[in-house]
Ligand SMILES: Nc1nc2c(c(=O)[nH]1)N[C@H]1C(S)=C(S)[C@@H](COP(=O)(O)OP(=O)(O)OC[C@H]3O[C@@H](n4cnc5c(=O)[nH]c(N)nc54)[C@H](O)[C@@H]3O)O[C@H]1N2
Ligand SMILES: Nc1nc2c(c(=O)[nH]1)N[C@H]1C(S)=C(S)[C@@H](COP(=O)(O)OP(=O)(O)OC[C@H]3O[C@@H](n4cnc5c(=O)[nH]c(N)nc54)[C@H](O)[C@@H]3O)O[C@H]1N2
Ligand code: SF4
Ligand SMILES: [Mo]
């Protein structure tokens with residue numbers, strides 16, 4: 001049976017087989033994005049299906065403060081009763097929803113509909129706000145539509161040059177690197193990552209200075225006559241204003257701010273400009289800043305000046321992160337959007353979706369808070385008193401995590417649907433055990449905008465339900481007609497085709513039979529063919545759009561727009577007390593909050609605890625030794641981790657992964673400053689200090705619980721929260 005990996009947006013094609021004894025085997029398929037390869041996480045993904053502490057019964061927190069096993073009718077009745085009570089007493093916005101970019105299109109769609117129709121709340125957002133929001137804002141502004149890669153991944157294989165800004169694909173999407181073998185790579189990363197080591201040229205700016213750097217690259221393009229004037233005239237607007245801003249950023253000034261030598265800046269632009277086929281790609285390294293939108297826009301300006309977007313064989317894109325990070329941002333779980341990227345403030349869009357949902361347009365709420373604002377408002381006066389979480393673990397992954405845990409525990413009601421007792425689930429009043437990837441049907445939209453089928457190899461364990469089923473059960477208890485919330489993925493998909501018809505992300509021409517027949521369908525894929533067909537021929541349908549922008553961009557005038565942006569510093573400058581810059585991100589073996597990968601023996605064995613990368617001189621000044629313990633702290637709090645000395649690090653910068661729980665959470669020190677346009681937090685730069693921590697156990701294997709060793713792998717499935725009773729604490 002063929003399907004796709006449960007983790008990242010590359011959505012590697014896999015074949016699953018059942019060995020008959022309850023184990024699932026996975027193997028890569030020849031699917032174009034991965035062509036026979038998988039990363040370590042993909043190879044080991046089936047282990048999560050049978051993890052020892054898999055949730056198989058609903059859990060309810062009792063009067064004694066402990067989570068205890070319950071049954072589905074009781075759990076769903078309890079949730080519905082308490083939601084109804086809160087709504088009656090405090091109004092619909094007292095109830096909030098938090099979704100995820102790992103949810104299938106069908107789940108994301110139904111979750112948004114559930115919030116707006118069954119709960120009537122404006123308070124819904126999702127973890128993609130922490131992921132793709134800055135790139136989406138910049139892409140929408142420039143192109144009029146946001147599809148992470150507006151071309152197939154395999155197009156990269158013919159590139160002569162690729163600039164990768166803040167993307168460590170060698171660890172975050174390893175099979176993608178096979179498409180980058182031909183191109184000369186320019187890597188922009190404060191660290192000498194596995195990706196940077198493969199590059200022809202590595203620019204190593206201080207974290208948070210890419211805006212200056214990208215302005216400098218545009219400056220070089222203009223000053224050295226490398227701008228594609230004909231393209232700029234024919235296909236864009238706004239170049240003079242953008243160029244005026246860049247004029248102030250001479251390479252020597254940029255060098256002083258970023259640390260990237262002026263000569264290397266010039267070399268990078270010449271390398272791209274000389275290439276027949278070139279791409280500029282961004283990742284979270286440049287986007288996860290309080291100025292992430294402007295930074296993505298500045299790299300986009302460079303790509304436009306060089307004439308890349310919408311030119312065959314060249315392009316600009318952002319590497320979407322989560323499995324359904326693309327579809328997840330189109331289906332209406334974002335605080336300001338309806339399915340298909342329709343806007344909640346556009347009367348025509350509201351009318352279209354309301355008609356599909358069978359409700360009056362005026363009954364739809366308006367836009368709500370963005371993810372961090374929503375989490376920060378929980379339990380405060382005027383903020384929501386209940387939260388339903390589907391597909392996220394914000395107790396670990398949200399910025400300023402200690403404050404987020406405070407807010408989660410201040411709620412009257414926290415409901416978490418998950419298949420493992422994540423750190424967030426452990427705080428919940430009600431935990432709902434749900435199905436996993438290999439146990440369910442649905443669709444995902446990969447990083448290139450291609451819609452993919454997720455298929456069930458086997459049914460979920462007894463006692464476990466699908467997310468759609470959970471939403472269905474809650475909706476009918478809240479008085480909704482049963483048929484308005486189908487529990488069947490195909491039925492939901494048929495409805496979302498209708499809801500997205502005519503929208504920017506148009507799925508109306510896509511169907512399960514077409515996908516199952518192996519068609520490669522990229523949105524927009526309208527049902528109505530460009531030309532009229534009649535006669536007995538099979539229903540004419542669009543072939544979808546693998547490559548966007550070849551003729552025109554999606555603004556009414558068909559032109560792309562340069563952005564007028566200027567550099568600014570990080571939200572929190574370094575100080576005498578916090579003299580270093582900390583940045584955060586990923587390592588190959590773990591995924592996100594680690595809720596899944598910390599439960600896989602092979603992955604937890606490979607990387608059992610967080611390792612902070614530090615330059616030897618910086619370490620010496622702080623009295624740190626290789627493999628010793630360190631406390632990385634900011635004005636907000638700190639994490640404990642192990643030190644790895646790395647002479648390729650900038651002496652002013654340290655790096656920490658965010659995959660670990662408890663006291664090993666990098667988000668204990670991150671800053672919740674938000675990008676004013678996208679709501680993206682400042683994950684990638686914090687002012688910190690390093691302090692040596694006496695190592696209680698010379699043998700790393702004997703590290704204490706809070707060192708980041710999977711803290712909850714020993715919790716039995718049937719006692720999920722029994723030992724976290726009343727727990728306002730995570731991982732301790
Ligand atoms: N192994 C693994 N793979 C994953 C995931 C995972 O958790 N683990 N998650 C998936 C998801 S959701 C996402 S969003 C993607 C993310 O994929 P990436 O964007 O590749 O991942 P990150 O490690 O967050 O950040 C990339 C790089 O940005 C650099 N960086 C930090 N600060 C700056 C800066 O100021 N400027 C520049 N230029 N670079 C900076 C970091 O050093 C890091 O090497 O990965 C996906 N794939
Ligand atoms: N410091 C720092 N913090 C970061 C980042 C960073 O670079 N640095 N990156 C940010 C980014 S890009 C992202 S994407 C976020 C991600 O952070 P999270 O949102 O925490 O992501 P996951 O760990 O994937 O959490 C998904 C949870 O949902 C469960 N789950 C998975 N699939 C399903 C499903 O289909 N249904 C249900 N009900 N549950 C499911 C999993 O078991 C897991 O507990 O982290 C952000 N946080
Ligand atoms: S690269 Fe992403 S999709 Fe492919 S196997 Fe690894 S985690 Fe899965
Ligand atoms: Mo992400």
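Computed from the coordinates by the stated procedures, all read-outs in this text should not be read as laboratory data. None of the values given here were measured: they were computed from a predicted structure. Positions of Cβ are backbone-derived with ideal geometry, glycine not excepted, and every protein chain shown enters the neighbour counts.
Quick one: which of 227-235, 597-605 comes out on top by average Cβ neighbours within 10 Å, and what's the full order, highest first?
Numbers: 227-235: 15.2, 597-605: 19.8.
Answer by packing, highest mean first, reads 597-605, 227-235.
How high is the relative contact order of region 132-194? Use alpha-carbon pairs under 8 Å, at least six apart in sequence, and give a whole percent. 32 percent. Using 0.36 nm per residue and subtracting the Cα-Cα separation, the extra length available between residue 575 and residue 30 on full extension is 191.0 nm.
What length, rounded to one decimal in nm, is gained on full extension from residue 17 through to residue 543, with 0.36 nm per residue of separation minus their alpha-carbon distance?
Details: separation 526, 0.36 × 526 = 189.36 nm, distance 3.11 nm.
Result: 186.2 nm gained on full extension.
Between rounded, prolate and oblate, where does region 248-334 land on the alpha carbon gyration tensor, with a ≥ b ≥ c its root eigenvalues, rounded for a/c under 1.5, else prolate if a/b exceeds b/c? Oblate is the answer for region 248-334, as a/c is 1.5 or above yet b/c matches or exceeds a/b.
P(r) tail, region 91-212: Cα-Cα pairs separated by more than 16 Å, 73% of all pairs.
Annotation: Cα Rg of region 133-319 relative to the compact-globule expectation 2.2 N^0.38 Å equals 0.91. Using the Stokes-Einstein relation with a Kirkwood hydrodynamic radius computed over Cα pairs, the translational diffusion coefficient of region 2-50 at 10 °C and a viscosity of 1.306 mPa s comes to 147 µm²/s.
Sequence gap at least 6, Cα distance under 8 Å: using those rules, report the relative contact order of the chain to the nearest whole percent. Spell out each step's value before the answer.
On the way: 1808 pairs, mean separation 144.5, N = 732.
Relative contact order comes out at 20 percent.
Kirkwood hydrodynamic radius computed over region 429-509 comes to 14.3 Å, based on all pairs of distinct alpha carbons. Per 5 Å bin, what is the whole-percent P(r) computed from every C-alpha pair distance within region 580-693? Calculated P(r), rounded to whole percents: 2, 13, 22, 23, 19, 12, 6, 2, 0.
For the chain, the mean residue ellipticity at 222 nm estimated from helices alone is -7500 deg cm²/dmol, where every DSSP H run of n ≥ 4 contributes -39500 (n - 2.57) and the total is divided by all residues, rounded to the nearest 500.
Averaging sequence separations of C-alpha pairs under 8 Å and six or more residues apart, then dividing by the length of region 419-530, give the relative contact order as a whole percent. Each step should come with its number before you reach the end.
Working: 142 pairs, mean separation 22.8, N = 112.
20 percent.
Radius of gyration (Cα atoms) of the chain, expressed as a multiple of 2.2 N^0.38 Å: 0.91.
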